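Structure, as structure tokens:
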Amino acid sequence: MRGAVTTLDDLLAPQSIAIVGASEDKRRIGGRPLAHMIEQKFDGPVYPVNAKRDVVQGLDAYPSVADLPTDVDFVLIAVPAKGVGDVVRQAAAKNAKTVLIFSSGFAEVGGDGIAMQEDLQAIASETGVRVIGPNCLGAFNSALNFYPTFTSTIDRATPTPGGISIISQSGAYGSHIYMVSHMRGLGIRYWLTTGNECDVNVSDIIKLYAEDENVHTIAAYAESIKDGPALIDALETARANRKPVIIMKVGRSEVGAAAASSHTASLAGEDRVYDAVFRQYGAYRARSTEEMLDIAYACRPRIYPTGNRVGLVTISGGAGVLMSDAADDYGLDVAPMPDDAQAQMKEILPFAAPRNPVDVTAQFFNDLSLVPRFTKLMLERGNYDGLIGFWTSVAGSPLLAEPLITSLKQAMAEDDDVCFIQSIIAPAEIQAQYEEAGFPCFEDPTRAVAAMSALMRFGMSFGAAAVDRPDIPTAIELPDGALSEGDAVSILVDAGLPMAVGMLATGPGGAELAVEQLGGERFVVKVASEDIQHKTEVGGVRVNVAAGEIAAAYKEVVANAERHAPHADVFGALVVPMAPAGVDCILGAKVDPVFGPVVMFGLGGIFTEVLEDVALRHAPVSVATAHEMINELKGVAVLKGARGADPADFGALAEAISRFSVFAAANAHQIASVEINPLRALPERCLGLDALIVKASGDHVG
């Protein structure tokens, strides 16, 4: 069992370091980190380990870690893969807290490399030494001049300590992110690459960054997540500590052919699950390095609006339209100013456009006092959670920059908890003056809107209550073998789900008896067979069948199934009372290999098949979260009563979603997926009309 990484100091704040495979040549992998330590003046003993040299880069060298004159906190390893295990054991014997391994040739190459990496995992587990890597590019702690890395970026761009920290599975791309960050003027305190993650992984480091008082923003790059619950725990820690997590998750998998047996499996594909988990637990998924660093930069003032109402103030009507369009794309509310407040603005400047965007026109050049006067009105009367100002190159004028900054500061004097992003074109030294005054700056106004959207997402996440997860009951014992539709319905009814319950008939007479016992006038007849996944495709379903026609309907669906699926074992038909007309939805859950149970809700028909309009969450979910899922759908208006129809019972739907998610979470160890399709939404209730449970072994029927 891998233990918890204790503190960031154990990993990145050692008192002493040994470099195994240290080289005299500063250009070599084993030479770079030693040169970094010397040139950057790491404050602590550095021990080169090289069996062939007595002195390396002016420091006394030792034949092995075992020959070091004292214990050492951190051991960096840059030797061929076959010798790494022995070095790690020696490091543990010297009471090292952390070992970082540059060496490649492990699981990434397969074969014997897999066994060697498993040996490293075993050593870490047995001794308690933490292992970063193997096959990683290293790390740094800029505040301590600690640079156990062979990246060449340190030579060209010595890090400036700051509140942003980076974690990356990819060494080369992690180095790229750092270099671009440095070029953007972002201070980076910690930078760490995890490589093959035989022990320490991305989730561990996100959590440690979240717990470190020196870190205010976390940027992460990941190709895969090995431990979903650990990532969720890390994101919850960051959220609780108001630490934004900006994550680039790359690598999108297509759903395999095996997923075709249920809509849930195909609609809850891997990438959708990552999206859902990031959103649910407060992380922002960036799609590019530019977006990631834009957001990290905008986080520097540490102002996170708690709503999504944005006020736009501009000297260009065209820019106002552009920003409004972008705000709509990001789901921000460009709410208009109240009519009387617009009238006040007109009194101040008759030819202004005061609605929102608020256009102060070219009069801005003549009277900079318009900025605080208009902005004050926007904050007091518009109740905007954040503001974006577009001043283009005017703001970069040496003559106007200082008075504009003064006006902006005056405008925000009583609202220092409101984020005000500027879209300007200015020389670096003038832009720095805006930034020092607390105003993030972007040349492109649409990037300013995107950054504001991220800040608002963080603010609303930080301000919300912790993710509410219902208690998970004891798992049920599923029957042996494949589960029929009747089995699935019965199991879900026992779990508290509202299901349409029918009777199994094994002959036309049995179908007529079912009608007598069930009561009603209209029925659905569905062929019963564990070998038929999709009953409608073989003509195995009849709907709206009158009581007097039930025997004929039974014969028809059985005959159709035997004709179209001659090898199927048909053991009768299910007779179910016909449900009232309503809006058909889909409710499903699957067990994701990384995150475990995930619940999905969406509208049926074209919304599912074509538009894929579904909402996902990590399960279980509360009733409140279920309401969020319903309202997240693009087609939610259909449930609210489109074209004069009665609205659906949202309370019943939310209760069903929550109970269903609890069932999936409780039984995640023995199911692959479970689905109610359709779940019919009605004005005063909801009702499941068909059910499917796919056991973890793959036993199921459609």
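The values are calculated or read from the model by the stated rules, or taken from the named source; none is laboratory data. Quick caveat, the model's predicted, so the values are computed rather than measured. Methodologically, a virtual Cβ is constructed for each residue, glycine included, from the backbone with ideal geometry; neighbour enumeration extends over all protein chains shown. Surface areas here come from the heavy atoms of the whole protein model, side chains and all, with no ligands, DNA or RNA. Shrake-Rupley method; radii C 1.70, N 1.55, O 1.52, S 1.80 Å.
With the charge dipole of the chain set up from +1 on Lys and Arg Cβ and -1 on Asp and Glu Cβ about the Cα centre, the Cα lying farthest toward the positive end among the listed residues ALA428, GLY133, VAL273 is that of ALA428. Summarising the strand pairing of the stretch 125-195, around 55 percent of its internal DSSP beta bridges are antiparallel. Ligands, DNA and RNA left out, the 1.4 Å accessible surface of the chain is 49% carbon and sulfur atoms. Rg ratio for the stretch 320-409: its Cα radius of gyration over 2.2 N^0.38 Å, N being its residue count, equals 1.08.
Residue-normalised convex hull volume from the C-alpha trace of the stretch 1-146: 101 Å³ per residue. When the listed pairs LYS226/LYS249; LYS207/LYS634; LYS26/LYS97; LYS243/LYS590 are checked against a 23 Å cut-off, the alpha-carbon distance exceeds it for LYS207/LYS634; LYS26/LYS97; LYS243/LYS590. Using only side-chain charges placed at the Cβ, +1 for Lys and Arg and -1 for Asp and Glu, the dipole size of the stretch 49-93 relative to its Cα centre rounds to 260 debye. Working note: 222 nm ellipticity from helices only, DSSP H runs with n ≥ 4, each -39,500 (n - 2.57), summed and divided by the residues of the chain, gives -10500 deg cm²/dmol to the nearest 500. Enter the accessible area of CYS686 (Å², nearest 10), with the probe set to 1.4 Å and all protein chains included. Probe radius 1.4 Å; accessible area of CYS686 about 10 Å². Kirkwood analysis of the Cα pair distances in the stretch 498-603 returns a hydrodynamic radius of 15.0 Å. Close amide H partners of PHE146, meaning residues 5 or more places away or on another chain with modelled amide H under 5 Å apart, are ASN141.
The H on the amide N of VAL56, modeled in the peptide plane, is under 5 Å from the matching H of ALA61, each at least 5 residues off or on a different chain.
Surface calculation, 1.4 Å probe, protein heavy atoms: VAL501 sits at approximately 80 Å² accessible. What the Cα convex hull of the stretch 469-531 gives, in volume per residue, is 133 Å³.
First obtain the Kirkwood hydrodynamic radius of the stretch 390-445 from its Cα pairs, then insert it into the Stokes-Einstein equation at 20 °C and 1.002 mPa s, and state the resulting D in µm² per second as a whole number. It would help to have the intermediate numbers written out before the result.
Details: Rh = 11.1 Å.
For these conditions, the coefficient is 193 µm²/s.
Distant-in-sequence amide contacts of VAL358, defined by a placed amide H-H separation under 5 Å and a gap of 5 or more residues or a different chain, comprise LEU312, VAL313, THR314. Ignoring lysines fewer than eight residues from LYS376 along the same chain, the ones with Cα atoms less than 19 angstrom from its Cα are LYS346, LYS409. If you restrict to DSSP beta bridges whose two residues both lie in the chain, what percentage is antiparallel, to the nearest 5? Percent antiparallel among DSSP bridges in the chain is about 50.
Counting 0.36 nm for each residue step from ALA696 to GLN410 and taking away their Cα separation leaves a gain of 96.7 nm.
Karplus-based coupling profile of the stretch 324-340, in residue order and whole Hz: 5, 4, 5, 4, 5, 4, 8, x, 8, 9, 8, 5, x, 5, x, 4, 5, with θ = phi - 60° in 6.51 cos²θ - 1.76 cosθ + 1.60 and x standing for Gly or Pro. Here the Karplus curve 6.51 cos²θ - 1.76 cosθ + 1.60, taken at θ = phi - 60°, turns the phi angles of the stretch 405-414 into couplings of 4, 4, 5, 5, 5, 5, 5, 9, 4, 9 Hz, with x standing for Gly and Pro. For the stretch 70-184, a simple Cβ point-charge model (Lys and Arg +1, Asp and Glu -1, everything else neutral) yields a dipole of about 380 debye relative to the Cα centre. Positive-end ranking of ALA465, PRO593, ALA319 along the dipole of the chain, with charges on Cβ about the Cα centre, is headed by ALA319. Averaging 1/r over every pair of different alpha carbons in the stretch 301-450 and inverting the result gives a Kirkwood radius of 15.0 Å. Sparsely packed loop sites in the stretch 360-421 (the trypsin sites (Lys or Arg not before Pro) outside DSSP H, G, I, E and B with at most 15 other Cβ atoms within 10 Å) do not occur. Taken about its Cα centre, the stretch 1-144 carries a charge dipole of about 260 debye when Lys and Arg each add +1 at the Cβ and Asp and Glu each add -1 at the Cβ.
So which lysines can LYS555 reach, going by Cα to Cα under 29 Å and dropping same-chain residues fewer than 8 places off? Cross-link targets: LYS526, LYS535.
Report, please, the projected area of the stretch 596-702 averaged over directions, based on the convex hull of its C-alpha atoms, in nm².
6.7 nm²
How do LEU322, LEU603 stack up against each other in accessible area, from largest to smallest, with a 1.4 angstrom probe?
Largest accessible area first, the residues go LEU322, LEU603.
Each residue of the stretch 347-360 was assigned a 3J(HN,Hα) from its phi angle through the Karplus expression (A = 6.51, B = -1.76, C = 1.60, θ = phi - 60°), giving 5, 6, 9, x, 9, 6, 9, x, 6, 2, x, 9, 9, 7 Hz with x at Gly and Pro.
With unit charges on the beta carbon (Lys/Arg positive, Asp/Glu negative), name the residue among GLY509, TRP391, SER203 whose Cα is farthest towards the positive pole of the charge dipole of the chain. Of the candidates, TRP391 comes out farthest on the positive side.
Where a ≥ b ≥ c are the square roots of the eigenvalues of the C-alpha gyration tensor, would you call the stretch 149-255 rounded, which needs a/c under 1.5, or, failing that, prolate if a/b is larger than b/c, or oblate?
Note, shape of the stretch 149-255 comes out oblate.
Scanning the chain for GluC sites (Glu not before Pro) in DSSP loops with at most 12 other Cβ atoms within 10 Å, what's the longest stretch left with none? No qualifying site falls inside 1-212, the longest such stretch.
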